[in-house]
Amino acid sequence: MRIGKIEFHVHPFAAAGIFLLLFAMPRLYAFATISSVLLHEAGHMTAALLLGKRITEIRLMPVGINIGLSAASSYREEFLIAAAGPLMNLLYLAAAVLWMPAEAAASVFAASLSLAVLNLLPLKSMDGGRIADAVFSRLFGVEVSGRILYVTTCACLSVLWMLSLYVFFYSGVNFTLLVFCAYLFSYLIVKKL
């Protein structure tokens, strides 16, 4: 679907993720997660628009939203746009702690902090990977940056996978991180790391 110059796409499994979030999770958790994701993406879009970039597409994915932007013209721009999402999450959790009721603040704090931390991991498909790639490309060149990012992606995914298995087997019910890791593995395999 196209609205103006922006194309909107919905991944086939996104509906399942939204359904689970809205109908299988507590409402407060769903609110915290949805508001954290929307503000995270708003941070990216705001930074991109302030830097004069054009939004070309918005893609609703099973575990988030991807925003297609016109190419960054410098490593600095790529760094700023990538860092704006996690920064917005940190600002949101601070605002939640200061101005929301305790129960809502706790849910927003957990969702927003989790989203910021996961996005700051140096994984090729996440904001942390884009930040690391911008910094390493500037310092060492694109080829060396690609090799460093490949190693950090494999290492981080291995640790995340082990952590997700530990959480799943010892909690018995919390499979969210396990599903997220499986999605990241499959996404990176399809993209060929």
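Laboratory data are not the source of any read-out in this text; all were calculated from the coordinates shown. Because the structure is predicted, anything quoted here is derived from the model rather than measured. Cβ placement follows ideal geometry from the backbone for every residue including glycine, while neighbour counts extend to all protein chains displayed.
Of note:
- By the count of other C-beta atoms within 10 Å, a proxy for reagent exposure, LYS191, LYS124 are ordered fewest to most as LYS191, LYS124.
- Amide H within-cut-off set for HIS9, under 5 Å, with H built and near neighbours excluded: ILE58, ARG59, LEU60
- Theoretical ellipticity at 222 nm over the chain - DSSP helices of four or more residues, -39500 (n - 2.57) apiece, nearest 500: -24500 deg cm²/dmol
- Its Cα gyration tensor gives region 122-193 an equivalent ellipsoid; the semi-axes, largest first and in whole Å, are 28, 11, 9.
- Rough spin-label spacing in nm, given labels placed 7 Å along Cα→Cβ, for LEU113 and PHE13: 2.8
- Our Cα-only numbers for the chain put the radius of gyration and Dmax at 17.1, 49 Å.
- Over the chain, relative contact order from alpha-carbon pairs under 8 Å, at least 6 apart, %: 17
- Cα shape, region 1-87, gyration tensor, a/c 1.5 rule: oblate
- Theoretical gain in end-to-end length, ARG59 to VAL179 [0.36 nm per residue, Cα-Cα removed]: 41.3 nm
- Full extension of the chain between TYR170 and LEU38 yields a length gain of 44.4 nm, computed as 0.36 nm times the residue separation minus the alpha carbon distance.
- Helices of the chain meeting both criteria, an alpha-carbon length of 24 angstrom or more along the long axis and an average Kyte-Doolittle score not below 0.0, with helices taken as full DSSP H segments, are 27-50, 75-99, 102-120, 142-171.
- Taking the chain as the region of interest, the number of lysine pairs whose Cα atoms are within less than 24 Å, with members eight or more places apart or on different chains, is 4.
- Length-normalised contact order of region 70-114 in % [C-alpha pairs under 8 Å, at least 6 apart]: 33
- Using a cutoff of 8 angstrom between alpha carbon atoms and counting only pairs six or more residues apart, the relative contact order for region 122-193 works out to 27 percent.
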